[in-house]
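*Asks:* Here it is, the structure, as structure tokens.
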Amino acid sequence: MTMTDPIADMLTRIRNGIQVRKRTVDVPTSRMKSSIALVLKDSGYISDVEVVESETKFPLLRLHLKYDRDGICAISEIKRVSKPGCRVYAASRDIPLVRRGLGTTIMTTAKGLMTGKQAVEAGVGGEVLCSVF
């Protein structure tokens, strides 16, 4: 069975892992998912990303979730903005702020996958994939 929205599946796996306080979350790998994971790592929401071999012939992406001393995860909210049935695009001047700039918008642009702040600095718009806070 094919998956309609693999990015939403990745975000749901992260949300479920946070709810049960897992240290790592395994996700089937793709170039888009690994790019999203690297943006999350560079933004400080997860601590590490690695590719691991699985029992099947396809590798997995292992995301190491980041918690503080009190056990609170660095990600309190992660949600999909652009969906396969309703794509959301934004120009560089119209990129939405997440929680008045405290969160991060992840976008895919002509210059690659980047945060909303990086897209504003580069002066490019694109598809708004998800928002993280």
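*Asks:* Using alpha carbons only, what's the Rg to Rh ratio of the chain with Rh from Kirkwood? Display every interim value, and only then the final one.
*Replies:* Working: Rg = 14.8 Å, Rh = 15.3 Å.
Rg divided by Rh gives 0.96.
*Asks:* How long is the gain from ARG23 to ASP70 if the chain were fully straight, where each residue apart is worth 0.36 nm and the alpha carbon distance is subtracted? All intermediate terms of the calculation are to be shown ahead of the outcome.
*Replies:* Details: separation 47, 0.36 × 47 = 16.92 nm, distance 1.40 nm.
Result: 15.5 nm gained on full extension.
*Asks:* If you don't mind, another one. Is there a pair in LYS22/LYS57; LYS33/LYS83; LYS41/LYS117; LYS41/LYS66; LYS33/LYS79 whose C-alpha atoms are over 19 Å apart, and which pairs would that be? Mind showing how you got there, number by number?
*Replies:* On the way: LYS22/LYS57 25 Å; LYS33/LYS83 15 Å; LYS41/LYS117 15 Å; LYS41/LYS66 10 Å; LYS33/LYS79 14 Å.
In this structure, LYS22/LYS57 exceed 19 Å between Cα atoms.
*Asks:* Here is a further query. For the Cα atoms of the chain, what angle does the longest principal axis make with the long axis of helix 31-43, in degrees from 0 to 90, nearest 10?
*Replies:* Tilt relative to the chain: about 80 degrees.
*Asks:* Before rounding to the nearest 500, sum -39500 (n - 2.57) across all DSSP H runs of length at least 4 in the chain and divide by the residue total; then give [θ] at 222 nm in deg cm²/dmol.
*Replies:* Details: 3 runs with 34 residues, N = 133.
Estimated from H runs of four or more residues: -8000 deg cm²/dmol.
*Asks:* Could you compute the FRET efficiency for GLU121 and ASP94, with r as their C-beta to C-beta distance and R0 at 22 Å, rounded to 0.05?
*Replies:* Numbers: r = 15 Å, r/R0 = 0.68.
The formula returns an efficiency of 0.90 here.
*Asks:* Here's another thing I want to ask about it. For the pair GLU77 and MET3, how long in nm is the line joining their label points, each one 7 Å along Cα→Cβ?
*Replies:* 2.5
*Asks:* For THR109, THR56, THR104, what's the fewest-to-most ordering of other Cβ within 10 Å of each Cβ?
*Replies:* By the 10 Å Cβ count, ascending, the order reads THR56, THR109, THR104.
*Asks:* Another question, then. Can you put VAL51, VAL128, VAL81 in order of Cβ neighbours within 10 angstrom, beginning with the fewest? Let's see the in-between values first.
*Replies:* Details: VAL51 11, VAL128 22, VAL81 18.
The order, fewest Cβ neighbours first, is VAL51, VAL81, VAL128.
*Asks:* Relative to the first principal axis of the alpha-carbon coordinates of the chain, what is the inclination of helix 6-19, with its axis defined by its Cα atoms, in degrees from 0 to 90 and to the nearest 10?
*Replies:* It works out to around 60 degrees.
Every read-out reported here was derived from the displayed coordinates using simple, explicitly stated rules and does not represent laboratory data. Please read all numbers here as calculations on a predicted model, not as lab measurements. Cβ: placed from backbone, ideal geometry, glycine included. Neighbour counts: every protein chain shown.
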